[in-house]
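Student: Here it is, the structure, as structure tokens.
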Amino acid sequence: MGGVPSRGETTTMSSELATDPVAWVDRHGDALYRFAVLRVRDRTVAEDLVQETLLAALQARDTPAVVANERAWLLGILRHKVFDHFRRVSRDRTPADPPTGDEHDGDDDFDERGRWAAPPARWSSPEHALEQEEFLNALDACMDELPARQRHTFVLRELDGIASDDLAEALGTSRNNVFVLLSRARQHLRDCLELHWFGR
């Protein structure tokens, strides 16, 4: 996914593919909830976003556009809801809010453009690791250790492919700081996984 979908970009299923909305929770509720909680790391917020998604899907069910996969359609709506959630959170932050510690700690690790002075080494076989459930559990635990803005930036960029300019807008920060947040998130995850997974 490149960039943020427009608000008017709503799709639904053809009548042949549409199922009874009552069945959506049974068919897709767990998947939608996992998708949301991975991104917002808050069970209550995740549940609210899933409810908003199902309501939006119900309202959009009779629009003329067609999508071939019901779950993909619902996840697409949820992805918009998650992004809007981060946009709202960013808008609610005020200059009086205490600093998060994400933006300015460890600045000696970066050059004047926000890039790593000494980039972290590449992992030898990330594709193989991602196939292992134990690795995914370790990654999830390491992500829980990230400061909120680093985690949000990493998830939206790496999992959802949100463009840097759109991320900067959603998080209420500069494009340059998006790169800093991403770099620090990647470094922390690398160090954490080397300790808890690769170093076992």
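Student: Condition test on Thr19, is it part of a loop (DSSP other than H, G, I, E, B) and either at pLDDT 60 or above or under 28 Å from Gln150 (Cα atoms) (or both)?
Tutor: Taking the combined requirement at face value, the residue satisfies it.
Student: Got at least one residue in region 178-188 being assigned to a loop (DSSP other than H, G, I, E, B) and over 13 Å from Arg41 (Cα atoms)?
Tutor: For region 178-188, residues assigned to a loop (DSSP other than H, G, I, E, B) and over 13 Å from Arg41 (Cα atoms): absent.
Student: Shifting gears a bit: Would you point out which residue out of Asp140, Asp108 is in a helix (DSSP H, G or I), open to solvent by 90 Å² or more (accessible area, probe 1.4 Å), modelled with pLDDT under 85 and closer than 25 Å to Phe179 by Cα?
Tutor: Asp108
Student: Give the number of residues within region 143-170 that are crowded, with 17+ Cβ neighbours inside 10 Å and under 9 Å from the mean Cα position of the chain (by Cα).
Tutor: Qualifying residue count for the region: 8.
Student: Follow-up. If you scan region 171-192, which residues turn out to be within 13 Å of Pro147 (Cβ to Cβ) and either among the basic types (Lys, Arg) or open to solvent by 50 Å² or more (accessible area, probe 1.4 Å) (or both)?
Tutor: Hits for region 171-192 are Arg184, His188.
Student: Could you please tell me which pairs satisfy a Cβ distance under 7 Å, a separation of 6+ or placement on different chains, a first residue in region 58-87 that is closer than 21 Å to Ala148 by Cβ, and a second residue that is open to solvent by 30 Å² or more (accessible area, probe 1.4 Å) and modelled with pLDDT of 90 or more?
Tutor: Every condition considered, the pairs that remain are Lys81/Glu52; His85/Val45.
The values are calculated or read from the model by the stated rules, or taken from the named source; none is laboratory data. Please read all numbers here as calculations on a predicted model, not as lab measurements. Cβ sites come from the backbone with ideal geometry, for glycine too, and all protein chains shown count toward neighbours. Heads up: the accessible areas ignore ligands, DNA and RNA and are worked out on the full protein's heavy atoms, side chains in. Shrake-Rupley method; radii C 1.70, N 1.55, O 1.52, S 1.80 Å.
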